[in-house]
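Shown next, in structure tokens, is the structure this report addresses.
The values are calculated or read from the model by the stated rules, or taken from the named source; none is laboratory data. Nothing here was measured: the structure is a model prediction, and the numbers come from that model. Here Cβ is always computed from backbone atoms with ideal geometry, including for glycine, and neighbour counts include all displayed protein chains.
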Amino acid sequence: MGIEMSNGVLLFPNMVDADPAFAEVSAFGGNWRPAMPLTNVLQPRFAERARSVNATKGDCWGVIDLGTVRAIRGFALIGHNLSLSAKVVLTVSNDRHGDDIGPVLSGPHRIEVFPQIYPIGSSEFEDEHFFHGREVEENTDKVPVPVLKIFKERVIGRYWKLAIDDTDNPDGYVEISRVYLASGFQPTVNWQLGSALAVQDRTTVFETRSGVEYFDVRPRRREAIVQLANIPTDEAMAKLFDTIQRGGISDQVVFSWDPGNPFHLQRWTFPGRLTRLSPLRAARAGLFEIAFNIREVIG
């Protein structure tokens, strides 16, 4: 039996980016190198990374203090050096106890960094991943693999503890980048037929007079081209219109085509931004429609 498709999700806003006038977001805990502190995960650029002093479980953890209690629909960790056997555990609290969190309100939420991504029947016997269905190490650097947890219902809390179990990391340390802890919008009517997922290749081609081609290879990025229809007025205004107005084309979102499918979650979930501000059109009395593009942010 196949997996029933669930409605897509747009995670926004990222509460890590809150206005400091209303919530002072911070990070603490663990044992991180002074030149690459844990607070780097609060920065919008993926090049800003936090690096632990070693790969032991006792050092590879940290807490994100959102400054106030928030309702979170999804967690994402973008950019890391985690190995194939790595696991991440999230726990949530409303209290701080020294350099750790207080009583746990939600969790532990256990996340496999590299879960099974090849369903049974999708691989040939000769394929390296035939028996375990996971990515092979050779390919882990070719496609960005975010650490993801999209909750079925919102989880409410202020302190979010991130514990990383990757003691066999060949680098001898853990390195992590951008953290998303975001609210979210899930439409009551899913993407329309004709919506699409695409890969953009920014590589430029130079051809000599003799016809030989040379390539300036650049990172690829994913893009979602989605259409929504039959959106009730209240949902269109309070959810979509507000998201468009607040986020514009510059604020980052996390897009997931179908968060209910564990095999392809990492393929069709990515950080991105709206490429243009599309209008909400009145399709019929009390119902709106919209089409928009979300382009992956890669740096």
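Observations on the model:
- Checking the stated criteria, Pro232 turns out to be modelled with pLDDT of 90 or more and surrounded by fewer than 19 Cβ atoms within 10 Å (Cβ to Cβ).
- If you go through the stretch 242-299 and keep only what is surrounded by 14 or more Cβ atoms within 10 Å (Cβ to Cβ), modelled with pLDDT of 90 or more, in a loop (DSSP other than H, G, I, E, B) and among the β-branched types (Val, Ile, Thr), you end up with just Val297.
- Test for Phe114: is it in a loop (DSSP other than H, G, I, E, B) and within 19 Å of the chain's Cα centre (by Cα): yes
- Scanning the stretch 9-36 for residues that are part of a loop (DSSP other than H, G, I, E, B) and out of contact with any Lys or Arg (no Cβ under 9 Å at 6 or more places or on another chain) yields Asp19, Pro20, Ala21, Phe22, Glu24, Val25, Gly30, Asn31, Pro34.
- Test: Asn40 is of a type outside the set (Asp, Glu) and more than 17 Å from Asp166 (Cβ to Cβ): yes
- Within the set Leu287, Leu228, Leu277, the sole residue that is over 27 Å from Gly79 (Cβ atoms) and in contact with a helix residue (DSSP H, G or I) (Cβ under 7 Å, 6 or more places away or on another chain) turns out to be Leu277.
Residues are listed down the side, and each one gets a yes or a no for (1) surrounded by fewer than 15 Cβ atoms within 10 Å (Cβ to Cβ); (2) of a type outside the set (Ser, Thr, Tyr); (3) closer than 23 Å to Gly172 by Cα; (4) out of contact with any Gly (no Cβ under 6 Å at 6 or more places or on another chain):
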{"residue": "Gly30", "(1), (2), (3), (4)": "no, yes, yes, no"}
{"residue": "Pro37", "(1), (2), (3), (4)": "no, yes, yes, yes"}
{"residue": "Val41", "(1), (2), (3), (4)": "no, yes, yes, yes"}
{"residue": "Phe46", "(1), (2), (3), (4)": "no, yes, yes, no"}
{"residue": "Phe75", "(1), (2), (3), (4)": "no, yes, no, yes"}
{"residue": "Leu82", "(1), (2), (3), (4)": "no, yes, yes, yes"}
{"residue": "Lys87", "(1), (2), (3), (4)": "no, yes, yes, yes"}
{"residue": "Asp95", "(1), (2), (3), (4)": "yes, yes, no, no"}
{"residue": "Asp99", "(1), (2), (3), (4)": "yes, yes, no, no"}
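- Evaluation of Ala71 against (1) over 30 Å from Ala23 (Cβ atoms); (2) at pLDDT 75 or above (one fails), failing number: (1)
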